[in-house]
Structure formats: structure tokens, C-alpha cells
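Inspection log for the structure reproduced underneath, given as C-alpha cells.
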Amino acid sequence: MKKHIYIYSPSSAVRDKSAFKRGVKRLTALGYEVEIDEAALASHQRFAGNDETRLAAIHRASASGADVALISRGGYGLTRILPAIDYQAVAKAVGCGTQFVGFSDFTAFQMALLAKTGAVSWAGPALGEDFGAAAGADDIMEACFGDLVTGQGEGSGWRLPKTAIKKIAGEDVPSSADVVNDPYSIDHAVLWGGNLAMLASLVGTPYLPVIKNGILFIEDVGEHPYRVERMLAQLLQAGILAQQKAIIFGQFSQYKLVAHDKGYKMASVIAWLKRQVTAQVLTGLPFGHVATKVVLPVGLPVTLAVDGRDAFLLWGHQH
């Protein structure tokens, strides 16, 4: 029987209709049964319909019985409707086998769901940006998504970037994560996180889960390194980073350095963070606003294993 994918739009309006159509076509070609929510292409101001329309779409996705509820796109829109979402209905759907998948603005939904119910969702692709990419869908992304749908996914691995030491303002600043000489593992730690701007925006609200001894992964798009540092400082000063065993940088893309930076860059942020926390700080995770992205369980206990430049997040079969 074909796996059932339900497409809905809980955030910004779909502007690129061609990408939407390509995405549906690609999923169909991969052998999935694709159901499109009645309001998937709705538009109100910058949103995919007004608040009530998008809430109803979330609740239809919860009632769909689909194997996967997949967002059409991110953008902005979920934060303003978090108080009105029926989290118990979503958690019930998860318990019955529906996997909620998305990233970017969807991080707000995922954090709120985890905080309110403990239910696991998945950080992964969106319809238009990923399956509907003009250059074609990424093979690794499709394979990771396929593993999720079939219940075969057991984890994700990546190569830590090589370390390059450069003198910046008189300091030795590593441009990326240090290669680990002694293998180590962090066992049974809850994996959580997603878009850094969304995480920072939820600090002080009831929609950010309290995760102790966790593994936090982060990504963002179009955010200058100083903005990234400022958001990390907020999480640090709120006491959140001190409670984590590891912090993993995904991809921070589409930002531009300026002359005023005088050598300050993302490597500077990473070096600063390492001085602030006792947690392991790793980089290079293939996740974010990039074509090649893995699929990650949000709210699930995992094992982080690191040996040299090889890093793995392992969680085992989920079906």
C-alpha cells in the first residue's frame, strides 16, 4: 500500500506555485499517495490564509491519518497561532503513526508540541524548497525522508569539518569544530532544536520545552554571525545552554559579511561559544536551508557518537 503524504500550509503563503507543483509531482513519482489540504494555496497578507484557516489546516492534517504531514513551506506564521493549536489532537495523531515533518518556521510548532505533550516530530524537508527544487530534489534528502516514511531510519552521520586555525584579533580561532582525538559518546540524550531565531523567540514562553542533559541542534538562514551570537547569548543567559550536553551547528547560510566585521565571522561565534559552555560543540551537520538535509527526530532520546572527524546521531528503528 502506498504511503500517504498530507501537504498543508501552516505558515507563509505559497508564492512559488511551480515549486509546489514540482514537489507534488516528485513525491508522486517516488510512489507516495499525495493529499493536498484544501487551503494549501490560500493567501491572506503574507500568510497561507488567516489564522483560523491555518489552524484548521493543522487540525485537518492531524485528522488525516496520513503517514506524514508535510509542510508546503516555512516563512512566518506559526508563532502567532501557538496558543490556539490543539496539541492533544496532534499528539494523538503522532501516537497513531502520523509523522509531522518540516523545518524553519515549523520549529515553533515542534517546540510547542514537545513542551505541551512530549510528542516527537521530525526536522526535515518542506515540499516546495526541497522536493520542488528547480535543480531537482537532493538524493540524500530523499533517501533520509524515505527512511523516515518506511520506518527504516536508524540515525544520521556526517564528517566534521577540518580545523583551520587563523589569527583573528590576536586569538587562535578555529574555523570549525575541532577534530576529536579521543572517541566519545553521549547516550540517551534528548535531541531537540531547529531554527535558532525561532528558538530564541520562544524563550520565556510556555512553548519552549525544558530539556536537561539534551543535545541541541541549530540552523538559520540570512542571519549575520553577530545576530547568531546574540541569539546564542540569549539562550546562554537564560540558562538553557548550560543544561545541554552537546550543541550541534547545522548550516548557517545566505548571510554576507561586511567590512566593519574586521575578521569577525561565524568561526568567531563558534570559538566564543566554546568558551562559554561545557557542552561539546560540533559543526557541519547537514541540516538547514540547504539542499542536502538529513531528517532528525525532535524530542527523541538519541546517542551522539564522535570518533575523529566522524559524528553520528543514532536512534534506532521507530516502527
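The values are calculated or read from the model by the stated rules, or taken from the named source; none is laboratory data. The shown structure was predicted, so the numbers you read here are calculated from the model rather than taken from an experiment. Glycine also receives a Cβ, built like all others from the backbone with ideal geometry; neighbour counts cover every protein chain displayed. Quick note on the areas: whole protein, heavy atoms, side chains included, nothing else; ligands and nucleic acids left out. Shrake-Rupley method; radii C 1.70, N 1.55, O 1.52, S 1.80 Å.
Quick notes on this one:
- Within the range 65-82: backbone nitrogen closer than 16 Å to the Lys3 label point (7 Å, Cα to C-beta): 65-71
- Whole-Hz ³J(HN,Hα) from phi, Karplus 6.51 cos²θ - 1.76 cosθ + 1.60, for the range 92-106, glycine and proline x: 5, 4, 4, x, 8, x, 7, 9, 8, 10, x, 7, 6, 4, 4
- With 0.36 nm allotted per residue and the present C-alpha distance subtracted, the Ile36-Val210 stretch has 59.2 nm of extension available.
- Modelled FRET efficiency - R0 35 Å, Thr150 with Asp310, Cβ distances, 0.05 increments: 0.90
- For the pair Ala238 and Thr292, the difference between a 0.36 nm per residue extended length and the Cα-Cα distance amounts to 16.2 nm.
- Solvent-accessible ranking of Cys144, Cys96, largest area first, probe 1.4 Å: Cys96, Cys144
- With the gyration tensor restricted to C-alpha atoms of the chain, the semi-axes of the equivalent ellipsoid amount to 32, 21, 20 Å, longest first.
- For Lys21, the aspartates and glutamates whose Cα falls under 18 Å of its own Cα, not counting residues fewer than eight places away in the same chain, are Glu33, Glu35, Asp37, Glu38, Glu129, Asp130, Asp138, Glu142.
- Charging the Cβ of each Asp and Glu at -1 and of each Lys and Arg at +1, and nothing else, the dipole of the chain about its Cα centre rounds to 620 debye.
- Solvent exposure of the range 1-84 amounts to 46 Å² per residue of accessible area, where only protein heavy atoms count and the probe is 1.4 Å.
- Counting only Cα atoms, the range 28-112 measures 34, 28, 21 Å along its principal axes, largest extent leading.
- Spin-label model distance (nm) - Lys162 vs His260, 7 Å beyond Cα toward Cβ: 3.5
- Calculated P(r) of the range 174-278 - Cα pairs past 18 Å, %: 49
- Folded to 0 to 90 degrees: helix 225-237 orientation relative to the chain principal axis, Cα: 90
- Within-12-Å neighbourhood charge of Val149 [Cβ basis; K, R +1; D, E -1]: -2
- Rounded percent of accessible protein surface that carbon and sulfur make up, the range 53-154, 1.4 Å probe: 50
- Two-site label geometry, Tyr226 and Asp51: point separation in nm, points 7 Å out along Cα→Cβ: 3.4
- His59 accessible area, 1.4 Å probe, all protein chains in place, Å² to nearest 10: 60
- The peptide list 200-209, 3-12, put in order of mean Cβ contacts within 10 Å with the highest first, becomes 3-12, 200-209.
- Given R0 = 35 Å, the distance between the Cβ atoms of Cys96 and Lys21 translates into a calculated FRET efficiency of 0.75.
- Solvent-accessible surface of the range 258-319, averaged per residue with a 1.4 angstrom probe and all protein chains in place: 40 square angstrom.
- Here the sum of -39500 (n - 2.57) over DSSP H runs of 4 or more residues, divided by the residues of the chain, equals -8500 deg cm²/dmol at 222 nm, to the nearest 500.
- 0 to 90° range, to nearest 10: angle between helix 139-150 axis and the chain longest Cα axis: 60
- The calculated FRET efficiency for Asn181 paired with Thr278, based on their beta-carbon distance and R0 = 22 Å, is about 0.75.
- Cross-link table Lys162/Lys274; Lys116/Lys212; Lys212/Lys293; Lys3/Lys92; Lys116/Lys274, entries beyond 21 Å C-alpha to C-alpha: Lys212/Lys293; Lys116/Lys274
- Loop trypsin sites (Lys or Arg not before Pro), the range 42-108, which have at most 13 other Cβ atoms in a 10 Å radius of their Cβ (DSSP): Arg46
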